[in-house]
Amino acid sequence: MEELRNQIEEFIRDRDWEQYHAPKNLALALSVEVAEIVEIFQWKNTGQELTADEIESLRQEIGDVLVYLLELAEKYQIDIIQAAKDKMVLNEKKYPAELVKGKAWKYTKYQ
């Protein structure tokens, strides 16, 4: 992860793009990249397979999402791995398996 962060930082620095990478801009760019993932699935039926080209597009968009997410986390010194682990602990409390198994409701429905 550190190697990737360094590669991203060097890429941005070499192009003098720091000036464009304010947190707001990174959040907006992240939402655009997520929308590009959604677009791949937009007119697919549930269970419909992706073509090889679509899988490659998905791979690239996931890469874009990770890059922007890492940049945004870096701006606020957030360890994304630890943030995800902490979130899973909260999710365990919000969605106890014995209550939610097989259901896809929002956690407020279980309280």
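Quick rundown of the values:
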quantity: Candidates Ala84, Ala22, Ala35: whichever shows maximal mean-square fluctuation once the chain is modelled as a Gaussian network with Cα springs under 10 Å; calculated: Ala84
quantity: Heavy-atom accessible surface of region 1-79: percent carbon and sulfur, 1.4 Å; calculated: 55
quantity: Surface accessible to a 1.4 Å probe, per residue, for the residues of region 1-77, Å²; calculated: 76
quantity: Cα-based Lys pair tally, region 1-110, threshold under 17 Å, eight or more apart or on separate chains; calculated: 12
quantity: About the Cα centre, charge dipole magnitude for region 64-111 (Lys/Arg +1, Asp/Glu -1 at Cβ), debye; calculated: 480
quantity: Rotationally averaged projected area of the chain (alpha carbon convex hull; nm²); calculated: 9.8
quantity: Most mobile of Gln60, Gln82, Gln48 in a GNM of the chain (Cα contacts under 10 Å); calculated: Gln48
quantity: 0 to 90° range, to nearest 10: angle between helix 23-41 axis and the chain longest Cα axis; calculated: 60
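The values are calculated or read from the model by the stated rules, or taken from the named source; none is laboratory data. Computed from a predicted model, the values in this text were never measured in an experiment. As a convention, Cβ positions derive from the backbone with ideal geometry for all residues, glycine included, and neighbour counts pool all protein chains shown. Heavy atoms of the whole protein, side chains included, go into the accessibility calculation; ligands, DNA and RNA do not. Shrake-Rupley method; radii C 1.70, N 1.55, O 1.52, S 1.80 Å.
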